[in-house]
Amino acid sequence: MSCVIGGLSLANPLCLAPMAGVTNAPLREFFSRLDVALTHTEMVSCAGLVRGNVKTSAMLRVSPREAPLILQLFSPDAETLARGAEAALTLNRQDGAVPFAGLGINMACPMPKVTKRGAGAALLKCPAEAAAMVQALKKFFLPVWVKIRRLEDLDGTLRFIETLAAAGADNVCLHGRTAAQR
Ligand SMILES: Cc1cc2nc3c(=O)[nH]c(=O)nc-3n(C[C@H](O)[C@H](O)[C@H](O)COP(=O)(O)O)c2cc1C
């Protein structure tokens, strides 16, 4: 049941969602053995990557035995996002690790510690910056996936998705609850 989703050729349509504190390399490898075709890292802080934070960098660890994976990043702005992605891809290359299949942007996390800094679901209120973030990642020539939340109204949600698509997003994953619904 092979398929193409978001610019990636996958063996099947089963993907493991990103989960902070959960989807580390051993868990992703476990799901890969259950034939999940694509996994995600947990959301990784671009500010942490730019600072060279050791704990943040450790989140980039990839097992050679896991399925293709998307590196999901979070940042309040396009500039920090691009610098974080650059740092992550450099570390990945230096480690000689399996390359990431794509780059993800978290625009869905409703947790106040993330949104109060302007990242995660806070970006749903900033379509121009959200579009700039997609464009900033396109320069790495990898598929760009964005995870968003439903907005209060359907039209607004569709407009936001169209903005991301026009900016070059290869895939938009929609979490069906609003950020306020957690
Ligand atoms: C513990 C936990 C951590 C999560 N972390 C992330 C994350 O890092 N990035 C992200 O985009 N979504 C994250 N999510 C959301 C999930 O990817 C998924 O969209 C959500 O769980 C689906 O809704 P449901 O749990 O009601 O089925 C997380 C969810 C849970 C339960």
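The values are calculated or read from the model by the stated rules, or taken from the named source; none is laboratory data. Remember, predicted model here, so these are calculated numbers, not experimental data. Virtual Cβ from ideal backbone geometry, glycine too; neighbours counted across all protein chains shown. Just so you know, the surface numbers come from the protein's heavy atoms only, side chains and all, with ligands and any DNA or RNA stripped out. Shrake-Rupley method; radii C 1.70, N 1.55, O 1.52, S 1.80 Å.
Packing, as the average of other Cβ atoms within 10 Å across residues, places the peptides 48-54, 150-156 in the order 48-54, 150-156, highest first. Scanning the chain for DSSP H helices at least 18 Å long along the axis (C-alpha atoms) with a Kyte-Doolittle mean no lower than 0.0 picks out 154-167.
Placing unit charges on each Cβ (+1 for Lys and Arg, -1 for Asp and Glu) gives the chain a dipole about its Cα centre, and among 102, 164, 21 the Cα reaching farthest toward its positive end belongs to 21. Residue 70 sits among other residues whose Cβ lies under 14 Å from its own Cβ, and their net charge, with Lys and Arg +1 and Asp and Glu -1, is -1. Net charge in the neighbourhood of residue 42 (other residues with Cβ under 15 Å of its Cβ; Lys, Arg +1, Asp, Glu -1) is +3.
Using Cβ point charges alone (K and R +1, D and E -1), the dipole size of the chain about the Cα centre works out to roughly 480 debye. Considering only 52, 40, 80, the residue lying farthest towards the positive end of the dipole of the chain is 52, judged by Cα position with unit charges set on Cβ. Computed from the Kirkwood radius of its Cα pairs, the Stokes-Einstein diffusion coefficient for the stretch 71-153 at 10 °C and 1.306 mPa s stands at 122 µm²/s.
Counting only protein heavy atoms and using a 1.4 Å probe, the accessible area of residue 30 comes to about 120 Å².
Shape call for the stretch 21-168 from the C-alpha gyration tensor, a ≥ b ≥ c root eigenvalues: rounded (a/c under 1.5), prolate (a/b greater than b/c) or oblate? Cα axes put the stretch 21-168 in the prolate bin. Remark: the Cα gyration tensor places the stretch 1-51 in the oblate category, a/c being 1.5 or greater and a/b not exceeding b/c.
Overall, the anisotropy analysis places the stretch 10-106 in the prolate class: the square-rooted eigenvalues a ≥ b ≥ c of its C-alpha gyration tensor yield a/c not less than 1.5, with a/b exceeding b/c. Rounded to the nearest 20, the size of the Cβ-charge dipole of the stretch 68-116 about its Cα centre is 160 debye, with Lys and Arg at +1 and Asp and Glu at -1. Taken along the Cα-to-beta-carbon direction at a fixed 7 Å, the label points for residue 139 and residue 152 span 3.6 nm.
In percent, rounded to a whole number, the relative contact order of the chain is 18, using alpha-carbon pairs under 8 Å and six or more apart.
Using the rule -39500 (n - 2.57) for each DSSP H run of four or more residues, divided by the residues of the chain, the 222 nm mean residue ellipticity is -10500 deg cm²/dmol.
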